[in-house]
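Some notes on the structure that comes next.
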Amino acid sequence: MRVNKKSLLAAGAVAVIATLGLASCSAGDSGSDGEASSSGTLTVWVDAERVDALKGAAEAYTEKTGVEVELVGKDNADIKDDFIQQVPTGKGPDITMGAHDWLGELSTNGVVAPIELGDSAGDYLPVAIDASTYEGTTYMLPYAVENIAVLRNADLVPEAATSFDDMIAKGQAAGLAHPFVVEQGAEGNPYHLYPFQTAFGAPVFGTNDQGYDSTDLQLGNAGGEQFAAWLSAQGKNGTGNFNTDIDGDIAKQAFLDGTAAFWLTGPWNVGAAIDGGINVAIDTVPSPTGEAAAPFAGVKGFFISSESKNKVAANDFLVNYLGTEDVQLELFKAGNILPALSAAAETASSDPIIEGFAAVGAEAVPMPAIPAMGSVWQYWGIAEADIINGADPTATWQKLTSDVQAAIDAK
Amino acid sequence: MSTTIDDDVTTETPPKPTKRQRQAANIADAASGGIKMLLFKLVLLGILDAVAVYAVLVLAGFGQWLIAIVVAAVAALVNWIYFSRRKLPAKYLTPGIIFLVLFQVFVLVYTGYIAFTNYGTGHNGSKEQAVSSLMASSLQRVEDSPTYPVTVVDQLGTLGLLVTDPDGDAYVGTNDQPLEPVDAEFDGDKAVAVDGWTSLQFADVLARTDEITELAVPFSDDPNDGAVRTPDGSSAYLYTSTLEYDEAAGTMTDVTTGTVYSDIGTGAFTSADGDELLPGWQITVGFDNFVRAVTDPRLAQPLVYVTLWTFAFALISVASTFFLGLFLAIVFNDMRMRGRKYYRVLMILPYAIPSFLSALIWAGMMNESFGFINQVLLGGASVPWLTDPWMAKLSVLLVNLWLGFPYMFLVCMGALQSIPDELQEAATVDGARPWAVFRLIKLPLLLVTVAPLLIASFAFNFNNFNTIYMLTDGGPRDSNAPIPVGFTDILITMVYKVAFTGQSRDYGLASAYSIIIFIIVAVISIIAFRRTKSLEELN
């Protein structure tokens with residue numbers, strides 16, 4: 001009993017120390033952040049996979065200016081919410097890496113500061129600049145542009161398809177029952193279906209001089225209903241080219257197994273296909289109509305915190321340093337997606353895969369970042385999934401449009 | 001360990017010792033503790049105090065006075081308790097209480113606080129932050145205005161900008177003094193120094209970031225011409241602002257349209273016709289979130305059937321896992337069965353695999369066109385396991401049964417083995433049939449021990465986020481509902497969707513829901529525990 005009591009006491013003491021230790025740790029953390037802000041250190045949150053790519057640039061910048069750049073690797077999925085929550089407390093970073101479609105949310109929460117690209121704005125791909133601008137103000141330094149394209153198994157189908165029907169025909173001629181796969185899911189995946197929708201002339205929103213106009217919902221125009229009818233014909237009760245049971249993994253497996261010759265996906269899957277021994281070629285998205293099938297472009301970039309104590313250094317680091325061709329090429333090597341700076345993009349396009357994606361990207365439109373887009377995502381996928389699974393296309397599409405409009409009006 | 005505590009309590013408390021006896025006991029305590037024990041205690045408390053002092057210093061250094069005081073008070077209290085010769089119960093309880101406060105009470109209180117605020121998208125920070133963010137975003141670069149190379153200059157502590165215009169002329173100005181031409185020294189095309197002013201090097205510029213961020217040099221005497229600002233200390237641009245903030249009146253005015261947005265106590269600047277300028281700021285809103293949680297027509301309709309399904313899910317899960325577990329426990333408790341050990345190990349397996357992992361694997365196996373169940377077991381049938389509203393409910397219950405029965409199996413087996421065999425023998429001798437023995441003797445005895453666990457299991461399943469989120473994510477989606485809920489969503493996954501998915505977060509509303517869920521579970525548990533007590537009295 002003595003022994004037990006002692007050990008209990010000891011355990012208790014250890015526990016208390018641990019508790020206070022924790023408290024002091026958290027205090028220590030906030031302390032170092034505070035110091036960082038006052039002594040000219042830039043804290044940069046970076047997608048954990050790209051820390052190494054930025055390391056060289058950060059060190060070179062420190063050498064040039066004496067400003068320390070502290071890179072903090074974070075899980076990409078957590079960055080946005082952590083940034084929104086931590087900036088108002090004053091403990092967030094000075095700069096964070098992010099994607100342009102966060103812009104509406106970041107701006108509505110008041111956590112980003114505008115960036116002035118000045119004359120260098122003309123050096124970037126136009127889609128990157130469009131995407132970095134929200135309600136007429138630029139908030140992001142773009143570094144990469146990402147979009148989906150069709151990956152073709154060149155051993156099965158040696159020639160690019162000229163249209164959607166041509167693609168299916170070519171694949172079937174090669175002996176494949178379902179030659180085309182695209183990632184869907186029980187709740188659909190409108191991002192991957194958007195190229196076909198634009199081919200029918202039905203963008204989500206119209207545009208004005210400030211960018212996307214949330215009051216001008218174009219989703220439900222005549223083209224939208226034609227698209228819905230086409231989608232229905234390609235769904236469960238039609239050709240079966242679209243199937244909501246095919247998720248990302250199943251689509252990938254089908255392409256790697258050679259049971260599908262065409263795979264509509266993004267650059268993030270190219271590595272897996274090449275590693276799987278597939279002779280990959282990148283094609284534009286074959287259009288079901290005569291019009292170009294334009295996918296969404298996702299632009300990656302850097303934001304400056306509105307509460308940063310080092311805005312001058314942050315602006316200098318982003319605009320005058322990360323915006324240079326060398327640094328953009330360095331980042332390109334780590335991520336293998338097209339640099340946003342035109343000169344770097346040109347250099348990077350010597351790689352045929354990148355060139356293929358860039359060619360599709362030339363037609364791409366930036367994914368809307370306006371908050372109204374959140375209301376669209378909510379209903380869009382599920383309506384498309386219903387249509388693929390045999391729901392009445394026109395009625396479902398009209399309901400989608402009215403639901404989205406109601407949700408936007410309710411805000 | 002628990003028995004020793006019990007011993008301790010029983011030996012120490014019942015016969016009230018006299019003062020002298022207590023002193024004697026204390027001396028004996030201290031003596032038998034020995035010098036090693038004392039040293040050990042001193043070292044541990046010493047480390048604790050050192051950490052506490054360091055923490056207080058650091059916290060005080062950053063002006064976190066409240067936390068510093070709390071840390072100091074807790075450290076003092078801990079020292080007092082452990083150096084005291086009495087306070088025996090406190091010595092046992094203190095560590096636990098500190099953890100309880102840190103990890104439970106604080107979290108609960110904070111959730112409660114959030115439930116009374118409008119914290120969420122657009123109401124994220126303080127009013128000052130909202131104002132400064134609005135002002136920063138309202139700056140519009142004057143169209144077709146050039147980039148001005150600038151040097152930041154200082155005159156007796158006042159910062160100014162030395163601006164070179166595209167014609168190569170130099171101007172200088174400050175916050176109060178519009179730009180006026182000066183004769184300057186040039187380095188190439190850029191003016192770098194001017195008499196009477198000190199040019200700042202890049203390091204000096206960085207050190208005075210705050211002032212430079214605030215520096216806006218009027219372009220001319222006419223304020224409508226805008227002001228020159230430099231974001232990076234080397235180039236400047238001409239901006240006009242579309243918003244004007246009147247601090248005294250607390251209003252924002254859009255100078256292009258003339259619309260006045262005022263602070264009407266809703267946490268955002270709002271115009272007369274209801275347009276809000278976002279970002280707003282965080283305010284407390286009283287019971288608004290709770291009222292909205294039950295009255296908002298967009299939420300109310302889904303809330304009803306989600307609540308019903310949550311109760312059905314929790315009750316059916318408890319009942320099904322309990323009866324399957326009980327049935328298996330009885331079967332495997334039969335001495336006549338061979339190899340019981342091996343079967344038992346197999347039975348425990350689902351319990352040993354992390355539930356989120358199993359749920360994901362089940363989701364894959366239940367895929368309608370490609371899943372193992374349809375393709376292999378059912379020979380290519382297309383059963384909509386997860387895509388039909390009713391089948392999805394059934395699938396969720398089945399998977400939860402698979403996940404949950406081993407626990408009930410274990411619990412029931414232990415409880416069954418503790419029921420004396422004599423009772424069964426006596427009943428059999430009296431001529432009772434096996435079913436009657438089970439129903440009238442074993443089950444009531446079993447329930448005495450198991451009923452509290454059933455209540456705990458109900459509370460667990462009521463908030464069984466993992467299974468739902470990983471298996472169906474609440475789907476299939478109810479395309480008629482105005483919010484993205486599905487047919488298998490339970491309250492907690494619905495709350496998650498309200499708070500964390502899509503582009504608009506509503507932490508206040510989600511916290512209000514959490515509190516409502518907490519109250520529901522607490523009330524049901526209290527009622528149920530009352531009833532188990534009566535069960536105990538019966539026996």
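So who's got an amide H within less than 5 Å of the one on A:K74, skipping anything under 5 residues away but keeping other chains? H placed 1.01 Å off N, in plane.
A:V46, A:D47, A:A48
Return the ratio Rg/(2.2 N^0.38 Å) for chain B, where Rg is computed over Cα atoms only. Kindly include the intermediate steps, with their values, before the conclusion.
Details: Rg = 35.6 Å, N = 539, 2.2 N^0.38 = 24.0 Å.
Relative to the rule-of-thumb radius for its length, chain B sits at 1.48.
Checking the cross-link filter: which aspartates and glutamates have an alpha carbon closer than 13 Å to that of A:K91, excluding same-chain neighbours under 8 positions apart?
Straight-distance partners of A:K91: A:D29, A:D33, A:E35, A:D82, A:E307.
Taking H as built 1.01 Å from N, whose amide H comes closer than 5 Å to the amide H of A:T43, not counting residues under 5 places away?
When sequence neighbours closer than 5 places are left aside, the close amide H contacts are A:E70, A:D94, A:I95.
Can you find, among A:T138, A:P203, A:N189, the residue farthest towards the positive end of the dipole of the range A:85-232? Put +1 on the C-beta of Lys and Arg, -1 on that of Asp and Glu.
Positive-most Cα among the choices belongs to A:N189.
If you take the C-alpha gyration tensor of chain A, multiply each eigenvalue by 5 and take the square root, what semi-axes do you get, largest first, in whole Å?
Details: eigenvalues 345, 140, 114 Å².
After diagonalising the Cα gyration tensor, the semi-axes are 42, 26, 24 Å.
Given a Förster radius of 30 Å and the C-beta distance between A:D123 and A:A359 as r, what FRET efficiency does 1/(1 + (r/R0)^6) yield to the nearest 0.05? Please report the intermediate quantities before stating the final value.
Numbers: r = 20 Å, r/R0 = 0.68.
Here the calculated transfer efficiency is 0.90.
Going by C-beta contacts inside 10 Å, put A:D247, A:D75, B:D506 in order with the fewest on the left. Intermediate values should be presented prior to the final figure.
Values: A:D247 18, A:D75 10, B:D506 22.
The order, fewest Cβ neighbours first, is A:D75, A:D247, B:D506.
Compute the label zone of B:L443 within the range B:451-481: residues whose backbone N is under 15 Å from the point 7 Å along Cα-to-Cβ.
Of the residues in the range B:451-481, B:451 have backbone N under 15 Å from the label point off B:L443.
Take the cross-link list A:K55/A:K311; A:K170/A:K300; B:K341/B:K533 and give me the ones stretching past 25 Å between alpha-carbons.
Pairs exceeding 25 Å: A:K170/A:K300; B:K341/B:K533.
Under the Karplus relation 6.51 cos²θ - 1.76 cosθ + 1.60, θ = phi - 60°, what is the ordered set of whole-Hz ³J(HN,Hα) values for the range A:404-409, x standing for Gly and Pro?
Values per residue, Gly and Pro as x: 5, 4, 5, 5, 5, 5 Hz.
Residue-wise, which Karplus ³J(HN,Hα) couplings in Hz belong to the range B:129-141, taking 6.51 cos²θ - 1.76 cosθ + 1.60, θ = phi - 60°, and x for glycine or proline?
Ordered by residue, 3J(HN,Hα) equals 5, 4, 4, 5, 5, 4, 5, 5, 6, 7, 6, 10, 5 Hz.
Just check the range B:20-86 against the gyration tensor rule for me: Cα atoms, a ≥ b ≥ c as the square roots of the eigenvalues, rounded for a/c under 1.5, and otherwise prolate or oblate depending on whether a/b exceeds b/c. Mind showing how you got there, number by number?
Numbers: a/c = 7.85, a/b = 2.38, b/c = 3.30.
Here the range B:20-86 falls in the oblate category.
With point charges of +1 on the Cβ of Lys and Arg and -1 on the Cβ of Asp and Glu, referenced to the Cα centre of the range B:391-467, which listed residue (B:V450, B:F460, B:V437) lies farthest in the positive direction of the dipole?
B:F460
Can you sort A:S214, B:S418 from fewest to most other Cβ atoms within 10 Å of each residue's own Cβ? The partial results should precede the final answer.
Numbers: A:S214 19, B:S418 10.
Fewest-to-most Cβ neighbours within 10 Å comes out as B:S418, A:S214.
Quick one: Karplus J couplings for the range B:183-195, per residue in order, coefficients 6.51, -1.76, 1.60, θ = phi - 60°, nearest Hz, x for Gly and Pro?
8, 10, 7, 10, 10, x, 8, 10, 6, 10, 8, 9, 4
Taking N as the number of residues in the protein assembly as shown, what is its alpha-carbon radius of gyration divided by 2.2 N^0.38 Å?
Numbers: Rg = 33.8 Å, N = 950, 2.2 N^0.38 = 29.8 Å.
Here the Cα radius of gyration is 1.13 times the empirical estimate.
Place a +1 charge on the Cβ of each Lys and Arg in the protein assembly as shown and a -1 charge on the Cβ of each Asp and Glu, then give the dipole magnitude about the Cα centre in debye, rounded to the nearest 20. Could you put the intermediate results ahead of the total?
Details: 51 positive and 105 negative charges, 1710 e Å.
I would put it at about 8220 debye.
Counting partner chain Cβ atoms within 10 Å of every residue's Cβ in B:202-209, what's the average?
Working: counts 7, 4, 0, 3, 10, 4, 1, 11.
Other-chain Cβ atoms within 10 Å of each residue's Cβ, averaged: 5.
With +1 on the Cβ of every Lys and Arg and -1 on the Cβ of every Asp and Glu, and nothing else charged, how large is the dipole of the range B:294-538 about its Cα centre, in debye rounded to the nearest 20? List each step's numbers first, then the result.
On the way: 16 positive and 14 negative charges, 54 e Å.
Value, rounded to 20: 260 debye.
What lysines sit close enough to B:K87 to cross-link, taking a C-alpha to C-alpha distance under 24 Å and skipping anything fewer than 8 places away on the same chain?
Output for B:K87: A:K5, A:K6, B:K16, B:K19, B:K36, B:K41.
By the gyration tensor of its Cα atoms, with a ≥ b ≥ c the square roots of the eigenvalues, what is the shape of the range B:294-538: rounded for a/c under 1.5, prolate for a/b over b/c, or oblate? Please report the intermediate quantities before stating the final value.
On the way: a/c = 2.74, a/b = 1.51, b/c = 1.82.
Judged from the Cα gyration tensor, the range B:294-538 comes out oblate (a/c at least 1.5, b/c at or above a/b).
Would you mind calculating the relative contact order of chain B from Cα pairs under 8 angstrom and at least 6 residues apart, reporting the percent as a whole number?
Working: 690 pairs, mean separation 74.2, N = 539.
14 percent.
Please list, ordered by chain and number, the residues whose modelled amide H lies under 5 Å from the amide H of A:A292; skip anything fewer than 5 residues away on the same chain.
Residues meeting the amide H criterion: none.
Summarise the partner chain shielding of A:306-316 as one whole number: the mean count of Cβ atoms from other chains within 10 Å of each residue's Cβ. Working shown, then result.
On the way: counts 8, 4, 2, 3, 4, 8, 16, 6, 3, 8, 8.
The shielding value for this peptide is 6.
What is the projected area of the convex hull of the Cα atoms of the range B:127-277, averaged over all directions, in nm²? Intermediate results must be reported in sequence, preceding the final value.
Numbers: hull surface 40.4 nm².
Taking a quarter of the hull surface, the average projection is 10.1 nm².
How big is the charge dipole of the range B:67-149 about its Cα centre, in debye rounded to the nearest 20, if each Lys and Arg gets +1 on its Cβ and each Asp and Glu gets -1 on its Cβ? Please report the intermediate quantities before stating the final value.
Working: 6 positive and 3 negative charges, 187 e Å.
Around 900 debye, computed over the range B:67-149.
So what's the net charge close to A:E135: Lys and Arg +1, Asp and Glu -1, counting the other residues with Cβ under 12 Å from its Cβ?
Details: positive: none; negative: A:D209, A:D213.
So the environment of A:E135 carries a net charge of -2.
Grab the beta carbon distance between B:T532 and B:V105, set R0 = 30 Å, and tell me the FRET efficiency rounded to 0.05.
0.65
Can you sort B:T467, A:T133 from fewest to most other Cβ atoms within 10 Å of each residue's own Cβ? Mind dumping the intermediate values first?
Details: B:T467 26, A:T133 21.
The most exposed by this proxy come first: A:T133, B:T467.
Considering only DSSP beta bridges whose two residues both sit in chain A, what percent are antiparallel, to the nearest 5?
Of the beta bridges lying entirely in chain A, close to 70 percent run antiparallel.
Would you work out which of B:L315, B:M347, B:G196 lies farthest towards the positive end of the dipole of chain B, given +1 charges on the beta-carbon of Lys and Arg and -1 on that of Asp and Glu, about the Cα centre?
Result: B:M347, furthest along the dipole toward the positive end.
From the P(r) of the range A:71-227, could you give the percentage of C-alpha pairs in the tail past 28 Å?
Numbers: 5175 of 12246 pairs.
Within the range A:71-227, distances greater than 28 Å cover 42 percent of Cα pairs.
In nm, give the distance between the simple-model label positions of B:D187 and A:D155, each being 7 Å from the Cα along the Cα-to-Cβ direction.
If labels sit at B:D187 and A:D155, their model points lie 6.1 nm apart.
For chain B, what does the helix formula give at 222 nm: sum of -39500 (n - 2.57) over DSSP H segments with n ≥ 4, over the residue count, nearest 500 deg cm²/dmol?
Numbers: 19 runs with 298 residues, N = 539.
So the calculated ellipticity at 222 nm is -18500 deg cm²/dmol.
Rounded to whole Å and sorted largest first, what semi-axes of the equivalent ellipsoid does the C-alpha gyration tensor of the range B:332-416 yield via the square root of 5 times each eigenvalue?
One finds semi-axes of 30, 14, 12 Å for the range B:332-416.
Each value in this text was obtained by applying a stated rule to the coordinates, not by laboratory testing. Because the structure is a prediction, the values reported are computed rather than measured. When we count neighbours, we look across all protein chains shown, and the Cβ atoms used for this are built from the backbone with ideal geometry, even at glycine.
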